[in-house]
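Before any comments, here is the structure.
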Amino acid sequence: MAVTRTFSIIKPDATRRNLTGAVTKMLEEAGLRVVASKRIHMTREQAEGFYGVHRERPFFNDLVSFMISGPVVVQVLEGEDAVKRNRDIMGATNPENAEPGTIRKELAESIEANSVHGSDSDENAKTEISFFFSDDEIVG
Ligand code: UDP
């Protein structure tokens with residue numbers, strides 16, 4: 001299995017509850033290495049751009065407001081089959097449907113405030129990584 005990269009966000013509900021370390025520990029225990037990380041407060045324009053694919057969805061405005069309601073930690077994660085590995089440890093979008101032991105089951109508050117974002121394909125991972133990081137910020 002190839003070593004690949006994916007993009008992760010620790011969302012405002014998690015930073016607010018001081019869960020940056022707890023989330024990162026679960027990512028690391030799942031075999032993912034944090035090769036870039038920074039704490040930022042997204043602007044509305046950044047959040048709207050990042051979630052542009054969801055612009056027509058009914059939850060878009062609430063999602064953008066939530067994502068700018070506090071700081072987030074954006075990360076690049078590296079590991080074998082990183083996109084799938086991360087999606088597996090994240091759990092289902094709605095924490096009520098997430099498997100025990102996943103980040104969303106153990107830590108998330110709701111379908112919106114679900115603690116983490118993770119890219120859903122290698123192609124999207126590349127786009128999302130370059131949305132927030134320059135090459136020299138990523139140290140493998
Ligand atoms: N979301 C929401 N309501 C919904 C579906 C999604 O608020 O009914 C939010 C939630 O924060 C989710 C994000 O929108 O993580 C992106 O949705 P997506 O379907 O891409 O889920 P994910 O890939 O994050 O599991």
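For the chain, what does the accessible surface come to per residue with a 1.4 Å probe? Please give it in Å².
I get 53 Å² per residue for this part.
Cα-based Rg of region 18-75 per 2.2 N^0.38 Å, rounded to two decimals?
The value comes to 1.31.
How large is the dipole of region 1-84 about the Cα centre if only Lys and Arg carry +1 and Asp and Glu carry -1, each at its Cβ, rounded to the nearest 20 debye? It would help to have the intermediate numbers written out before the result.
On the way: 12 positive and 10 negative charges, 47 e Å.
I would put it at about 220 debye.
Between K105 and H41, what length comes free when the chain is fully extended (0.36 nm per residue of separation minus the Cα-Cα distance, one decimal in nm)?
Gain on extension, K105 to H41, equals 20.5 nm.
Tell me, what are the semi-axes, in whole angstrom and largest first, of the equivalent ellipsoid of region 91-140 as set by the roots of 5 times the Cα gyration tensor eigenvalues?
Computed over region 91-140, the values are 27, 11, 10 Å.
Send over the Kirkwood Rh of the chain, from the inverse of the averaged 1/r over different Cα pairs, rounded to one decimal Å. Show your work: numbers first, answer last.
Numbers: mean 1/r = 0.0670 Å⁻¹.
By the Kirkwood definition, the hydrodynamic radius is 14.9 Å.
How much FRET efficiency would the formula 1/(1 + (r/R0)^6) give for R17 and Y51, where r is the Cβ-Cβ distance and R0 is 25 Å, rounded to 0.05?
Here the calculated transfer efficiency is 0.70.
Quickly rank 75-88, 43-56 as a protection proxy: mean count of other C-beta atoms within 10 Å, highest first.
The peptides rank, most packed first, as 75-88, 43-56.
Out of the total accessible area of the chain (probe 1.4 Å, heavy atoms of protein only), what percent is carbon and sulfur?
Numbers: 3460 of 7350 Å².
C and S atoms contribute 47 percent here.
Suppose every Lys and Arg Cβ carries +1 and every Asp and Glu Cβ carries -1, with no other charges. What dipole size does the chain come out with about its Cα centre, to the nearest 20 debye?
Result for the chain is approximately 320 debye, rounded to the nearest 20.
Please give the calculated 222 nm ellipticity per residue for the chain, where each DSSP H segment of at least 4 residues contributes -39500 (n - 2.57) and the sum is spread over every residue; nearest 500 deg cm²/dmol? Don't skip to the end; give the middle numbers.
On the way: 7 runs with 55 residues, N = 140.
Only helices count here, giving -10500 deg cm²/dmol.
The values are calculated or read from the model by the stated rules, or taken from the named source; none is laboratory data. It should be emphasised that the depicted structure is a prediction, and the values quoted were computed from it without experimental measurement. When we count neighbours, we look across all protein chains shown, and the Cβ atoms used for this are built from the backbone with ideal geometry, even at glycine. These area figures cover heavy atoms from the full protein model, side chains too; ligands, DNA and RNA do not enter into them. Shrake-Rupley method; radii C 1.70, N 1.55, O 1.52, S 1.80 Å.
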